[in-house]
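I have placed the structure first, in the form of C-alpha cells, so that the comments after it can refer back to it.
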Amino acid sequence: MKTNLLITAIIMIFISSCNVTNVTIPENAMAIIPAPLSMTIQKGNFLFSEKCRIVVSALDDDTKVAAETLALLIKNPTGMEIPVIEGTKAGRGSVFMTLDTAVKNNEGYTLRITPKKIIVRARTAAGLFYAVQTIRQLLPPDVEKESVIEGIQLSLPACDIVDEPAFTYRGMHLDVCRHMFPVEEIKKYIDMLAMHKMNTFHWHLTDDQGWRIEIKKLPELTKTGAYRKETVVGHARNKPNIFDGEAYGGFYTQEQIREIIDYAGSKFITVIPEIEMPGHSLAALASYPDIACTKGPFEVGTTWGVFSDVLCAGKEETFTFIQDVLTEVIDLFPGKYIHIGGDECPKIRWEKCPLCQKRIKDEGLADENELQSYFIRRIESFVTSKGKKIIGWDEILEGGLAPEATVMSWRGTEGGIAAARQKHDVIMTPTSFAYLDYYQTEPAGQPLAIGGYVPLEKVYSFNPLPEELTAEERKYILGVQGNVWTEYISTPEYLEYMAFPRAFAIAETGWTPDRLKDFDDFLARLEVLKTRYEALNLNYFKGEYRDTRKTANP
Ligand code: ACM
Ligand code: ZN
C-alpha cells in the first residue's frame, strides 16, 4: 500500500495540536518533497527560541555549512543569531547534529524532533544538510524571505524521520548555449535543486550556438565562439527561417564558474561540466576552423538542430585542442565527472575527409561509428589520466563503449539498458519522461516550446529501474536527471516555468523508492509547498499537472 503522508500528517497534527497552547503549527507541516522513507508524527512541537544552540559533534567545513544553513533559516524571519558550536550533546531547546556511522546510507539521515530538542544523525555532512532541507520544508514559508517578521514564532511538529535516497545520482541539466542565464539565476536554479535534495547540476556549456566557458589558452572560443550574429525567430522547423537580426552571446568567466561551483558545493551539489564533442561543435569551429574536416569559414549557429560540420577525427590538432580545453575544465571543476557529449554527430564530413578515412584505415576501424568510438576512447584515456571519469550521451554506445564511460540514456531507456548489461554505469534521462523543454500541457495557449508532451504526472511516473534488467544489472543505474534544453527558453522566467515543478518530480523519483511514490499525495504536498515557492518568487508552472492525454486515451 502506498503511504499517504500528507493526509495522515494533517490528521496527526490536528490530534497533537489539541494539547498545545501558544504555538502555531505551521500550515505546511509534513509536506515534504521528496517524500521521506519513513515518518512518524509525535505529540507536541519544538519551538526555536533565543536559548537555541546548534551543537555539532565534529565541526569541520562541511558540517559547519549544514549547521549554518539551519541557523540562517531561523535568522531570516526572526533575526535570532543562533550560535553553531562544537559539542557532544545539546541542551533543552537546542539542535544536536552528529555524524554517525550507524546511518548506513552516505546521504541518509535520521531526524528526531521532540518538544525538548532536535537530534539529527547522518553518516556525512551531506546527510545533515538534507535533514536541514527537511526541517526547512516543515518550517513556515516565511523562512524563505530575508526580512524579519515581528512576533513570528518558528515551531516544528514533533516527529521521527528516517530517510535516505533511492539513487546516488539525482540531477538537473541546464543548457546555457542556446540561451544564457545570469549567474544569479543559475544560483536560484541550484537552490531549488538543493531544497529538493538533488546532488548534481549538469551544466551544458558548449554547443553549436555558443561557447560559454572561458578557456584562457584558447581565447577565440569566447571572442568568436560565444557570439552568434542573430537567432531564428519562431520554431526552427518553420521554413524558410526568419531571423531577428540581433547579435546574441556572452560567456562565463572562470571566476564566475568558480563562484557557481563553490555556491553549488555549499549546497552539496556537484557541478558536471559538459563540453560537447565531436558534434554540436560549430562554435568551436567558428573560433578555430583548422580542427574541422573542411576549410571553413564557419559561423556560430543561428538556428537549432544538428549540423554537418563537426570536429575532424583525423587531425591531431583536434585532440590537442580538446586536451587544452579539458585541462582547464578539469582544473576548474572538482567533481569526478566530465561530460563529453557524444550525441548527434553526423558522419557525412568524416565520410569524405581524407584524414578521417586515413585514421579509420590506420587504426583498423570498421566505419565512421567506430571512428566516433575511437575519438571518445582517446578523450576518455586523457580524462582518466587526470583522475576523472567521462559521461556521454547514449550515442557513445555506437561503435563500442569506452572502457569506463558512464552512459546518459536520453533516446529512451534502451541505451541505458544496453550499457547496464555491459556493466557500465547509467544515468536515466529519457526524452519522454525527463525532457523538461517539452510542453507540459496541451500546447495551445502555451509559450513556444520544442514540441512533445511531458506533463508533471508523466515525469512523476518514471521508474529509472527498467524491468528488463536483473537485480545485478540494476545496480548500474545510478539515478535520474531532468534536462532543460533552451532553444526556445530565452528568459529566467520561462526557464522557471518549464523546469518547475517538473524538476521536483524528478527529485522525488531520485530520492523516494518507487513503492512509496504516489502522485496524488505528491500533488497535495506540492499544493502546500507552493506558498514557499511564492515566497521565493519562483515562476513555477501553475496549470494542469495531470496527463490528460492518458485520461483521454486509456
Ligand atoms: C540530446 O538531447 N541531444 C542529448
Ligand atoms: Zn576529418
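Quick notes on this structure:
- Here H204 passes the criteria (1) over 30 Å from G510 (Cα atoms); (2) touching a strand residue (DSSP E or B) at 6+ places or on another chain (Cβ under 6 Å) except the one numbered (1).
- Tallying residues that are under 18 Å from T318 (Cα atoms), β-branched (V, I, T) and either outside any loop (DSSP other than H, G, I, E, B) or without any contact (Cβ under 8 Å) to a residue 60 or more places away in the chain (or both) within region 214-240 yields 1.
- Verdict on G335 being closer than 28 Å to I427 by Cβ, surrounded by 15 or more Cβ atoms within 10 Å (Cβ to Cβ) and within 16 Å of ligand 1 (Cβ to nearest atom): no
Residue-by-condition table, conditions (1) within 16 Å of ligand 2 (Cβ to nearest atom); (2) in a loop (DSSP other than H, G, I, E, B):
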position: Q323; (1), (2): no, no
position: L326; (1), (2): no, no
position: D331; (1), (2): no, no
position: D343; (1), (2): no, yes
position: E351; (1), (2): yes, no
position: K358; (1), (2): yes, no
position: K361; (1), (2): yes, no
position: A366; (1), (2): no, yes
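- From the options V306, V310, V271, residue that is over 30 Å from E107 (Cβ atoms), surrounded by 17 or more Cβ atoms within 10 Å (Cβ to Cβ), at pLDDT 95 or above and of a type in the set (V, I, T): V310
- From I291, I260, residue being of a type in the set (A, V, I, L, M, F, W, C) and away from ligand 2 (no atom under 16 Å from the Cβ): I260
- Matching residues in region 431-448 - criterion: being crowded, with 21+ Cβ neighbours inside 10 Å, assigned to a loop (DSSP other than H, G, I, E, B) and in contact with a Ser or Thr (Cβ under 9 Å, 6 or more places away or on another chain): D437, Y438
Let's see how each residue does on (1) aliphatic (A, V, I, L, M); (2) assigned to a loop (DSSP other than H, G, I, E, B):
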site: E468; (1), (2): no, yes
site: G479; (1), (2): no, no
site: W485; (1), (2): no, yes
site: E493; (1), (2): no, no
site: A503; (1), (2): yes, no
site: D520; (1), (2): no, no
site: A524; (1), (2): yes, no
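- Residues in region 409-426 that are in contact with a helix residue (DSSP H, G or I) (Cβ under 8 Å, 6 or more places away or on another chain), within 16 Å of ligand 1 (Cβ to nearest atom) and either closer than 22 Å to M198 by Cα or not in a helix (DSSP H, G or I) (or both): S409, W410, R411, G412, G416, V426.
- Residues of region 135-162 that are in contact with a Lys or Arg (Cβ under 9 Å, 6 or more places away or on another chain) and either without any contact (Cβ under 8 Å) to a residue 12 or more places away in the chain or not in a loop (DSSP other than H, G, I, E, B) (or both): R136, Q137, P141, V143, E144, A158, C159, D160, I161.
- Taken over region 460-494, the criterion of being crowded, with 19+ Cβ neighbours inside 10 Å and within 20 Å of Y439 (Cα to Cα) is satisfied by Y460, F462, V480, Q481, G482, N483, V484, W485, T486, E487, Y488, I489.
- Some residue of region 533-554 being in contact with a Gly (Cβ under 6 Å, 6 or more places away or on another chain) and small (G, A, S): no
- Restricting region 289-303 to residues that are buried (at least 21 other Cβ atoms within 10 Å of the Cβ) and either touching a residue at least 40 places away in the same chain (Cβ under 8 Å) or within 16 Å of ligand 1 (Cβ to nearest atom) (or both), the residue that is farthest from Y227 (Cα to Cα): C293
- Members of region 313-322 that are surrounded by fewer than 16 Cβ atoms within 10 Å (Cβ to Cβ) and either in contact (Cβ under 8 Å) with a residue 24 or more places away in the chain or of a type in the set (A, V, I, L, M) (or both): E317
The values are calculated or read from the model by the stated rules, or taken from the named source; none is laboratory data. Predicted, not measured: the structure shown is a model, and the values here were computed from it. For neighbour counting, all protein chains shown are included, and Cβ atoms are generated from backbone atoms with ideal geometry for every residue, glycine included.
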